[in-house]
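Q: Just dropping this structure here.
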Amino acid sequence: MEIVGLRVSIVYGHGRERGLTTWSSDFASKPAVGQKVVFHYPPGQKCNIVYVDDAAEMFCRLTLTKDVEHLIYLSGGDTVTLDELGKRVRELLPSAEIVFQPADKEIPLIYLIDRSRFEKEFKFKYTPLKEGIKKHINEARVSDGIQPLKWE
């Protein structure tokens, strides 16, 4: 039996309720349903995030592939600041209330991650950040019984 590892970046998407990185759900889920989101970290906090569907697909591919070239892979994703995430959400939801109240210092997140190994070996195409945020917003809306949005 061969065991292969996947080191996953911070996963964003709707539904996370606990843990140090609940902000990776809240940043789009709360504004999607008209709630204010508060980041307790500085706006310049850098992070590397990967959309939940991409992370799931990576696990599937690793599980179903018989011969892999390496024993460890990095998921990688998009490196952004929390401020950039807020701006991306406001582009899609102009009324989004996103506030920074840094009660905590920057957290030492790993954000310089090379995803090329996985991309190359598995011909993997990541969900573009803006598309992932759109899906994230609509998942939150549907979960709350609100019609999904359509963008041009």
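Q: Hey, which lysines would be in cross-link range of Lys36, C-alpha to C-alpha under 17 Å, not counting anything within fewer than 8 residues on its own chain?
A: Partners found: Lys87.
Q: Also, I was wondering about something else. What percent of all Cα-Cα pairs in the chain falls in each 10 Å bin, counting up from 0?
A: 11, 39, 32, 16, 3, 0
Q: Could you check the spin-label model distance between Gln147 and Ser95? Points 7 Å from the Cα along Cα→Cβ, value in nm.
A: 1.4 nm
Q: Shifting gears a bit: I need the phi-derived Karplus couplings for region 19-26: 6.51 cos²θ - 1.76 cosθ + 1.60, θ = phi - 60°, integer Hz, Gly and Pro marked x.
A: Result, ordered by residue: x, 4, 10, 4, 4, 6, 9, 4 Hz.
Q: Quick check on the chain: of the DSSP beta bridges with both residues there, what percent are antiparallel, nearest 5%?
A: Percentage antiparallel, nearest 5: 30.
Q: Let me ask something additional. Give me the aspartates and glutamates in straight-line cross-link reach of Lys130: C-alpha distance below 13 Å, same-chain residues under 8 apart excluded.
A: Asp78, Glu84, Glu91, Glu152
Q: I've got another one for you. Order 78-91, 24-37, 110-123 from most to least packed using the mean count of other Cβ atoms within 10 Å. Could you put the intermediate results ahead of the total?
A: Details: 78-91: 18.3, 24-37: 20.4, 110-123: 13.6.
Result, highest mean first: 24-37, 78-91, 110-123.
Q: Let me ask you something else. Of Gly132, Ala96, Val68, whose Cα points farthest to the positive end of the dipole of the chain (charges on the beta-carbon: +1 Lys, Arg; -1 Asp, Glu; origin at the Cα centre)?
A: With unit charges placed on the Cβ atoms, the residue in question is Ala96.
Q: Among Ile133, Ile107, Ile10, Ile3, which comes first, then next, by fewest other beta-carbon atoms within 10 Å?
A: Working: Ile133 24, Ile107 13, Ile10 19, Ile3 5.
With the fewest neighbours first, Ile133, Ile107, Ile10, Ile3 line up as Ile3, Ile107, Ile10, Ile133.
Q: I would also like to ask the following. Using the count of nearby Cβ atoms within 10 Å as a rough guide to exposure, how do His14, His136 rank from fewest to most? Don't skip to the answer; put the middle values down first.
A: On the way: His14 21, His136 26.
Result, fewest neighbours first: His14, His136.
Q: Can you find, among Val52, Pro148, Gly19, the residue farthest towards the positive end of the dipole of the chain? Put +1 on the C-beta of Lys and Arg, -1 on that of Asp and Glu.
A: Pro148
Q: On to the next question. Could you derive backbone 3J(HN,Hα) for region 11-18 from the dihedral phi with the Karplus parameters 6.51, -1.76 and 1.60 (θ = phi - 60°), listing whole Hz in sequence and x where the residue is Gly or Pro?
A: Values per residue, Gly and Pro as x: 8, 10, x, 6, x, 5, 10, 9 Hz.
Q: Taking only DSSP H segments of four or more residues, each worth -39500 (n - 2.57), what value at 222 nm results for the chain once the sum is divided by all its residues, to the nearest 500 deg cm²/dmol?
A: Details: 5 runs with 56 residues, N = 152.
Per the formula, -11000 deg cm²/dmol.
Q: For region 89-134, what does the alpha-carbon gyration tensor say about shape, rounded, prolate or oblate, given a ≥ b ≥ c as the root eigenvalues, a/c under 1.5 as rounded, and a/b over b/c as prolate? List each step's numbers first, then the result.
A: Working: a/c = 6.27, a/b = 1.44, b/c = 4.36.
Judged from the Cα gyration tensor, region 89-134 comes out oblate (a/c at least 1.5, b/c at or above a/b).
Q: Mind scanning Lys46/Lys150; Lys105/Lys134; Lys30/Lys120 and naming the pairs with a C-alpha gap bigger than 31 Å?
A: Result: Lys30/Lys120 exceed 31 Å.
Every number in this text was worked out from the coordinates using simple rules, so none of it is lab data. Just so it is clear, the structure is predicted and the values come from calculations on it, not from any experiment. Note that each Cβ is placed from the backbone with ideal geometry, even for glycine, and that neighbours are counted across all protein chains shown.
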